[in-house]
1. Check off (1) in a helix (DSSP H, G or I); (2) in contact with a Leu (Cβ under 7 Å, 6 or more places away or on another chain); (3) touching a residue at least 24 places away in the same chain (Cβ under 8 Å); (4) open to solvent by 60 Å² or more (accessible area, probe 1.4 Å) for F42 and give me the number that stays unchecked.
2. State which residue pairs qualify: first residue part of a loop (DSSP other than H, G, I, E, B) and inside region 16-30, second residue surrounded by fewer than 10 Cβ atoms within 10 Å (Cβ to Cβ) in any location, beta carbons under 8 Å apart, and separation of 6 or more residues or different chains.
3. Does any residue of region 65-84 turn out to be hydrophobic (A, V, I, L, M, F, W, C), farther than 30 Å from N18 by Cα, in a loop (DSSP other than H, G, I, E, B) and in contact (Cβ under 8 Å) with a residue 60 or more places away in the chain?
4. So, of the residues in region 105-133 that are free of Cβ contacts under 8 Å to residues at least 60 places away in the same chain and not in a helix (DSSP H, G or I), which turns out to be nearest to Q50 (Cα to Cα)?
5. So how many residues does region 45-64 have that are open to solvent by less than 70 Å² (accessible area, probe 1.4 Å) and either in a helix (DSSP H, G or I) or in contact with a Cys (Cβ under 6 Å, 6 or more places away or on another chain) (or both)?
6. Looking at (1) hydroxyl-bearing (S, T, Y); (2) open to solvent by 30 Å² or more (accessible area, probe 1.4 Å); (3) closer than 30 Å to L132 by Cα, which is the only condition T19 fails?
7. Answer with yes or no whether R70 is of a type in the set (K, R), farther than 26 Å from G10 by Cα and open to solvent by 80 Å² or more (accessible area, probe 1.4 Å).
Amino acid sequence: MSLSGGFVAGIRAGLAYNTFPLMNGHIVPPGMFVLEPWHLNFFSNMATVQFDHRLIAWLLAVLVPWFWVRVRRAPVSPRARLAADLLLGTLVLQIALGISTLLLAVPVSLAAGHQAGALLVFTAALLAAHSLR
């Protein structure tokens, strides 16, 4: 997710589609995969880069709560439960920051908070992985 966010920030793709959940009225925005060669779209096409970032966010929005439920039901240490709680909490914060940043047309303070949130989510994921070893 952090790498995808770097591409979004790098080409300022957050300025192109400032609606949520749809991208200017589309689930899949027009203009994806128009660059040649095709692989450049993943790095240089605003529609593709932002779509990929959103897709990863949706994937995490499903997988992290599923992981949290699994950890809460498993016989694990209190530290592992806390790590799962932190992962879920940081992801909720990160998604809220991302949507707010997008809808408000990328104010620098929110954008910086969203980038910092990526580090928090990554740190919480590392803590969860380490706690479950």
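The values are calculated or read from the model by the stated rules, or taken from the named source; none is laboratory data. What you are looking at is a predicted structure, and each value in this text was computed from that prediction instead of being measured. So basically every Cβ, Gly included, is an ideal-geometry build from the backbone, and we count neighbours across all protein chains shown. The area values use the complete protein model at the heavy-atom level, side chains included, leaving out ligands, DNA and RNA. Shrake-Rupley method; radii C 1.70, N 1.55, O 1.52, S 1.80 Å.
1. Against the list (1) in a helix (DSSP H, G or I); (2) in contact with a Leu (Cβ under 7 Å, 6 or more places away or on another chain); (3) touching a residue at least 24 places away in the same chain (Cβ under 8 Å); (4) open to solvent by 60 Å² or more (accessible area, probe 1.4 Å), F42 comes up short only on (2).
2. T19/G25
3. no
4. First, pick out the residues of region 105-133 that are free of Cβ contacts under 8 Å to residues at least 60 places away in the same chain: 107-110, 112-113, 116-117, 120, 123-127, 129-131, 133.
Subset that is not in a helix (DSSP H, G or I): 107, 133.
Details: P107: 17, R133: 34 Å.
Here the residue is P107.
5. Start the filter on region 45-64 by keeping residues that are open to solvent by less than 70 Å² (accessible area, probe 1.4 Å), which leaves 45, 47-54, 56-57, 60-61, 64.
Now drop any that are not either in a helix (DSSP H, G or I) or in contact with a Cys (Cβ under 6 Å, 6 or more places away or on another chain) (or both), which leaves 47-54, 56-57, 60-61, 64.
Going through region 45-64 one residue at a time, the tally reaches 13.
6. Every condition holds for T19 apart from (3).
7. On the way: of a type in the set (K, R): yes; farther than 26 Å from G10 by Cα: yes; open to solvent by 80 Å² or more (accessible area, probe 1.4 Å): yes.
So R70 fits the description; yes.
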